[in-house]
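I have placed the structure first, in the form of structure tokens, so that the comments after it can refer back to it.
The values are calculated or read from the model by the stated rules, or taken from the named source; none is laboratory data. Since the structure is predicted, the reported quantities are computational estimates derived from the model, not experimental observations. Note that we place each Cβ from the backbone using ideal geometry, even for glycine, and neighbour counts take in every protein chain shown. These area figures cover heavy atoms from the full protein model, side chains too; ligands, DNA and RNA do not enter into them. Shrake-Rupley method; radii C 1.70, N 1.55, O 1.52, S 1.80 Å.
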Amino acid sequence: MTGKRAEVVKGISGGAPRLISWNITLRCPLKCSHCYVNAGENETPGVLSTDEALAVIDQIRDVGTPVIVLSGGEPLMRTDLCTIARYGTERGLRMVMGTSGYFLDPLMAERLRDAGIRAVAVSIDSADPAVHDSFRGVSGAWEKAVQGVRNCRDEGIGVQINMTMMRPSAGDVQSVVDLGKGLGVTDYQVFFPVPTGRAQDFGPFDPREYEEVIRQVLLKYRDTSVNLRPTCAPQFRRIAADLGIDNQAWGRGCIAGIRYCRIYADGDVTPCPYLPVSAGNVRKNPFREIWYQSPVFSALRDPDLLTGKCSRCEYKIICGGCRARAYRGTETVSHCWCDGLMQPRAIAGDLCSEDPWCPYEPGGTP
């Protein structure tokens, strides 16, 4: 085993989490056609209370100092958001937030800054307000998101733009990046199709078309100040390697259960929001125990357990395939996007099977 590969495998096999996404609420004012939770005005029963949330932060701190992404639903609908953020900040965690920007007015941006929120990811799916609003289901959502970016920038809060790839178009990505650059934003995540929630009837889309979009986008921004990472598309690492692009900040293509996990609103811990398999619940077991001892996470951290063409692929260490698509099987090719939540459940499929959305044949070309 070469030194570089040994380091990558070591990073897969163990270690503290670097990033945790936490759905602190499932309430949301928008009606997004792609929502993976069917979020709405009413809160889901069993959401962690303020005291329980603070206790979870203590549990996380016992494991390490990962970045905590407060998410939803719409996290700004939770009245104790700043209390949670401030407590995490005081415990030495880097607290950030993912939001639609709908409630991100100047006063809220100031409150977030005072609570220690270091960065905010705002969802903007199109440079065209009408397209964004149609996708989000509420008129005026685009303007509020753009103004939310400005408000955060005014308060010295870092901003990232999250874009949902509604169709395979590199031009759509470029227009959103151009919009963001005009707002002073340099960081972007572009989310690619995964099936769940309201999006079950989307598509079908050709994975090869999305691979071409990834290729074009990586080439366009390779030597620029734009920091762009495709998300829910671990094959981007293979494409980047083929193009001779090596960004050390990217990490492995799929980090679910390896350096990243999701905490659901009721305390269930899952590998990622798009793989709603419960590895345990923080109400019943300490986060440390779940993170280090869960069979779900152990399986995801062993590349030798991969099956199908993922097991034979020369890129399996840097890519790993999308474990959420693999878990759901070949049906993922004909469905699309998830940007919300499914209720975590017991494991009922193969976590380590091949990614059906990847057209690449090991040793060959897509």
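Things to note:
- Annotation: Glu212 carries an accessible surface of approximately 80 Å², with a 1.4 Å probe and no ligand, DNA or RNA atoms counted.
- Extension reserve of the Leu19-Glu43 stretch, reckoned as 0.36 nm per residue once the Cα distance is removed: 6.1 nm
- Note: relative contact order over the range 65-138, using C-alpha pairs below 8 Å and six or more positions apart, is 32 percent.
- Computed label-point distance, nm, for sites Glu143 and Glu209 using a 7 Å Cα→Cβ extension: 3.2 nm
- Backbone geometry of the range 103-114 corresponds, through the Karplus equation with coefficients 6.51, -1.76 and 1.60 at θ = phi - 60°, to 3J(HN,Hα) couplings of 10, 8, 7, x, 5, 5, 4, 5, 5, 5, 4, 5 Hz, x marking Gly and Pro.
- Additional length obtainable on full extension of the chain from Asp304 to Asp62, 0.36 nm per residue less Cα span: 84.2 nm
- Arg153/Gln248 FRET efficiency (R0 22 Å; Cβ-Cβ; nearest 0.05): 0.25
- Estimated inter-spin distance, Glu110 and Thr186, nm [label 7 Å along Cα→Cβ]: 2.9 nm
- Pairwise Cα inverse-distance average, inverted: Kirkwood Rh of the range 109-167 (Å): 12.0 Å
- With a simple spin-label model that places each label point 7 Å from the Cα along the Cα-to-Cβ direction, the separation between Ser311 and Lys284 comes to 3.0 nm.
- Our coupling estimate for the range 226-235, obtained by passing each phi through the Karplus curve with A = 6.51, B = -1.76, C = 1.60 and θ = phi - 60°, is 6, 9, 10, 10, x, 10, 6, 8, x, 5 Hz, Gly and Pro reported as x.
- 5 angstrom amide H check on Ala121, placed H, neighbours 5+ away: Met97, Gly98, Thr99, Gln160
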